[in-house]
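Coordinate-derived values only; no laboratory data. Please read these numbers as outputs of a predicted model, since none were measured by experiment. Ideal geometry is used to build each Cβ from the backbone, glycine not excepted, and the neighbour counts take in all protein chains shown.
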Amino acid sequence: MAAWELQAYLSLSLNNVNLSKEVNTLDEHTLIQTYFSDVGSAYLAEQDVRISVGDDSSIISLPAGKESVVSVDTSIEGVHFLDSMSADDIAYRAVVVALSDLAACGAAPSWYSVALTLPEFNDTWLKKFADGLRRLSDDYRVPLIGGDTTKGKLSITVQVNGYCDSGKSILRSTANSNENIYVSGLIGEASKGLSYITNKSEATDQQIKIYLNPKARIDLGIRLRGIASSAIDVSDGLLQDLKHICTASGIGAQIELDKIPTSLSVTPSIPDINSGDDYEICFTSSPKNESLIKEISEELGIPITSIGKTNDSTTISVIDKEGHEVPVDSGYTHF
């Protein structure tokens, strides 16, 4: 595994037993072998990984005719996940939110690495964390190939790699005016799950699960190659993320609020649709692809809804069913 390193601890706890202060180092190779060496190892050959965990660097063979699509995502305790969450859910969620970026680019995931910062050594927590990674690897058929370990406030940085046919990756910057704007799935479900966890607001078991274990729409992203003119995953809020497409492509958009798909029985409010953590795909496409997109939706069993159109302006406007413009606040901001 590339550059795994665990800083020396003067006092370690293993299975709730305090170790002697004479034990001031932890063998990094033992740590790797115990918790991470076999995570996703069944998929190494399938993903063209020649050298993985256990060496100074990983070595990957780039498939012919493919381009590598890479993304990095950091999850910090108290910001991107709750300290009350199980370690396996923390691990699973941290990798999925990074894989979601690959889905928006139309890439098929191939491998991932994890840089883990821990406040202290905890055998039980690490076992559960590794279990979450194994579950993720099995769900998406991707191996863990390396990473790093340090001491500090709990955070997880995940690097993911995927492949796409050369020149076929979906970008944010290639949307055109007078195209349809679509979004997959339902918007606002994860925020309801989070609200239940934090303050016991009403939510279904499914909404709670969507927050704890989101899905990366990999299959949809792959099917949208050559159909979507642009795409982005909805992580910071639907309107916030759509704005990134508009800015990168030099266009504007008009969204019809009552068309945005939610589980609500009434027209959603702006906070309902702009709270983030949905990890659905928002994309643009020519009107001529409308029937093809409907076929993809039916084949994959994923709802895909047209929610508006792009235009020649440089702003995003949201219109209610009476035709009145609705004031829009920003979604999640990183700083």
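Give me the angle, in degrees from 0 to 90, between the Cα long axis of helix 123-140 and the longest principal axis of the Cα atoms of the chain, rounded to the nearest 10.
40 degrees
So for segment 180-319, Kirkwood radius off the Cα pairs, Stokes-Einstein at 20 °C and 1.002 mPa s: how many µm² s⁻¹?
Working: Rh = 15.3 Å.
Rounded to a whole number, D works out at 140 µm²/s.
Which listed residue (Gly276, Ile60, His324) has the Cα farthest towards the positive end of the charge dipole for the chain, taking +1 on Lys and Arg C-beta and -1 on Asp and Glu C-beta about the Cα centre?
The Cα lying farthest towards the positive end belongs to Ile60.
Going by how many other beta carbons lie within 10 Å of each one, how would you line up His80, His324, fewest first?
His324, His80
For Rg and Dmax of the Cα atoms in Å, one of [x] 18.7, 55; [y] 21.4, 73; [z] 22.9, 74 was computed from the structure I shared and the rest are decoys. Which label?
Correct label is [y].
Could you put Arg172, Arg225, Arg93 in order, starting from the residue whose Cβ has the fewest other Cβ atoms within 10 Å? Let's see the in-between values first.
Numbers: Arg172 19, Arg225 16, Arg93 23.
Ranked by crowding around the Cβ, least crowded first: Arg225, Arg172, Arg93.
If the chain between Glu77 and Glu120 were fully stretched, how many nm would it gain, using 0.36 nm times the residue separation less the Cα-Cα distance? Let's see the in-between values first.
Details: separation 43, 0.36 × 43 = 15.48 nm, distance 1.40 nm.
My answer for the length gained is 14.1 nm.
Highest mean first, what order results for 116-122, 304-310 on Cβ atoms within 10 Å?
304-310, 116-122
With each pseudo-label sitting 7 Å past Cα toward Cβ, what's the Ser201-Lys288 distance in nm, one decimal?
4.4 nm
Dipole magnitude of the chain about its Cα centre, charges +1 at Lys/Arg Cβ and -1 at Asp/Glu Cβ only, in debye to the nearest 20?
Here the chain has a charge dipole of around 260 debye.
Work out, step by step, the length gained on full extension between Lys259 and Asp320: first 0.36 nm times the residue separation, then minus their alpha carbon distance; give nm to one decimal.
Going from the current span to full extension adds 21.0 nm.
With each run of n ≥ 4 DSSP H residues scored as -39500 (n - 2.57), what mean residue ellipticity at 222 nm is computed for the chain after dividing by its residue count and rounding to the nearest 500 deg cm²/dmol?
So the calculated ellipticity at 222 nm is -8500 deg cm²/dmol.
Measure nothing but the geometry: give the 0 to 90° angle between the long axis through the Cα atoms of 238-249 and the longest principal axis through the Cα atoms of the chain, rounded to 10°.
80 degrees
Take the alpha carbon atoms of segment 199-260, find their center, do the same for segment 118-152, and report the distance between the two centers in whole angstrom.
Centre-to-centre (Cα) distance: 27 Å.
How tilted is helix 87-105 with respect to the longest principal axis of the chain? Cα atoms for both, answer in degrees (0 to 90, nearest 10).
Tilt relative to the chain: about 40 degrees.
Which net charge results when you count Lys and Arg as +1 and Asp and Glu as -1 among the other residues whose beta-carbon is under 14 Å from that of Ser84?
-1
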